[in-house]
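Working notes for the structure below.
Derivation of every value follows stated rules applied to the coordinates shown; laboratory data play no part. Just so you know, these numbers come straight off a predicted model, no measurement behind them. Glycine also receives a Cβ, built like all others from the backbone with ideal geometry; neighbour counts cover every protein chain displayed.
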Amino acid sequence: MGGSLALAAQARAAVDQVVGYDADPAVLEEALRLGVITEKAANPAEAAAYADLAVVAAPVRSIPGLVEECAVAVPPPRLISDMGSTKSAIIAALSPTAKSLFIGGHPICGAATSGVRYAREDLFAGATYFLCTTGAAFPKLYEMLQRFLLDIGAKPSHIDAMAHDRIMAVVSHLPHVVANVLMEHAGGFQVGGRKALHCVGPSFKDLTRVAGANPPMWRDIFLENREALADSLATMIAELEDFRSLLQTAGQAEIEASIHTAAIFREELLELEDIVPRTLYRVTVHIPDQPGVLSKVMTTLGEHEINVEDLTLHHVSRSVGGDLILYVAGEETAETAASLLHALGYPSAVSLMGDVFE
């Protein structure tokens, strides 16, 4: 995240000097070699000195200490921000001096890969970027940060720190807990001599995609936001108990209504991303596990100007391959895509994505 911000600053915000620091000298050297930074520093204070903006991109529990180090730089930076996914605990831990220079930040974006080698300057394009003020920083500093974020393509949005943490508990931290617990449950469950984990399908893989992600980082996130996360867990446990009761009483109408409500909210989520389920068609393509197959599929569609709105790959095994799920706009486009892929030797089927909401 920090590397991507550095690249975006240079490519999109006309920033000509980015001084970087990392606790790992090898990472710092790599960042300099790749052009992610223009100069390296020996410590956080050296990196922050003279800066218009110092950004701390680090595990949440280390952020307050690093902000304090930046704040005592000589001369101090005009503004300090961070990229942590919790805000209340970070702000509460800061000294008055640090608070006067600090505006909390949290970009709602990211990628499956981590490390400076995967940094990309377009990571923040179109992404919501939450900003949390301390009440001590000058309003002009907020305006400066907002302009910078607009320059790199992000959508800055002011939010109260406590509101931020409660929302993140529901939409970010809780899903990781659920994925971890479900994976633990399935991993240890077996009956009739069969392990449940050896019988999973695509839906289980989709739901547990984030299970086990970066244990030290997520441990700290959970603990830093433990009150809001505990509240969200309590609410979800109560809702699961309600659903359990419906199963025990065979509440057919209520169960169906629950699924329908979830479908409505899912559709709302997709529409916020400019994806309208009722206009999208799903093209399911069975492909072998061979080098270059995915590139061949996408190149063929691109050559015929077929835009893929979204995609998912459900891998089964090396011997069987898997199903590539492509989402395209319009029935005619979907049928054309299926025909092109069939000609490549990859069987495919077309269905209306919106059918799941009926």
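Taking 0.36 nm per residue of separation and subtracting the Cα-Cα distance, full extension of the segment from I108 to A127 would add 6.2 nm. Taking a quarter of the surface of the Cα convex hull of the stretch 164-250 gives a mean projected area of 7.1 nm².
For the pair the stretch 63-135 / the stretch 204-223, the C-alpha centres are spaced 22 Å from each other. Where both partners of a DSSP beta bridge lie in the chain, what percent of those bridges are antiparallel, to the nearest 5? Bridges in the chain are about 70 percent antiparallel. Here L150 and L240 are evaluated by their C-beta separation; at R0 = 51 Å the FRET efficiency comes out at 0.80. Given their separation in residues at 0.36 nm each and the Cα-Cα distance between them, F265 and L311 gain 14.5 nm when the chain is fully extended. Too long at a 30 Å Cα-Cα cut-off: which of K87/K140; K155/K296; K40/K87; K40/K296; K87/K155? Where the Cα-Cα span goes over 30 Å, the pairs concerned are K155/K296; K40/K296. Applying 1/(1 + (r/R0)^6) with R0 = 51 Å to the Cβ-Cβ distance of S203 and V74 gives a FRET efficiency near 0.35. Its Cα centre serving as origin, the chain has a Cβ charge dipole (Lys and Arg +1, Asp and Glu -1) of approximately 840 debye. Taking 17 Å as the cut-off, the amide N atoms of the stretch 235-252 that come nearer than this to a point 7 Å along the Cα-to-beta-carbon line of L182 belong to 236-241, 243-244. Residue-normalised convex hull volume from the C-alpha trace of the chain: 178 Å³ per residue.
Each label point was placed 7 Å from the Cα along the Cα-to-Cβ direction; for F189 and D231 their separation is 3.1 nm.
If you run the Gaussian network model on the chain, springs between alpha carbon atoms under 10 Å, then out of D16, D231, D160 the most flexible one is D16. Shape class of the stretch 277-357 from the Cα gyration tensor (axes a ≥ b ≥ c, square roots of the eigenvalues): oblate, since a/c reaches 1.5 or more and a/b does not exceed b/c. For the pair T279 and N214, a Förster radius of 51 Å applied to the C-beta separation gives a FRET efficiency near 0.90, rounded to the nearest 0.05. Looking at I287, L301, S339, which one has the Cα that reaches farthest to the positive end of the dipole of the stretch 277-357 (charges on Cβ: Lys, Arg +1; Asp, Glu -1)? The listed residue farthest towards the positive side: I287.
Taken about its Cα centre, the stretch 2-159 carries a charge dipole of roughly 440 debye when the Cβ of each Lys and Arg holds +1 and the Cβ of each Asp and Glu holds -1. Between I325 and Y50, the modelled labels are 5.3 nm apart [label points 7 Å from Cα along Cα→Cβ].
In the chain, helical runs assigned H by DSSP with n ≥ 4 each contribute -39500 (n - 2.57); averaged across all residues and rounded to the nearest 500, the mean residue ellipticity at 222 nm is -14000 deg cm²/dmol.
Multiplying the residue separation of E335 and Y118 by 0.36 nm and subtracting their alpha-carbon distance yields 74.6 nm. When the chain is treated as a GNM with alpha-carbon contacts under 10 Å, the residue of N225, N43, N307 showing the greatest mean-square fluctuation is N307.
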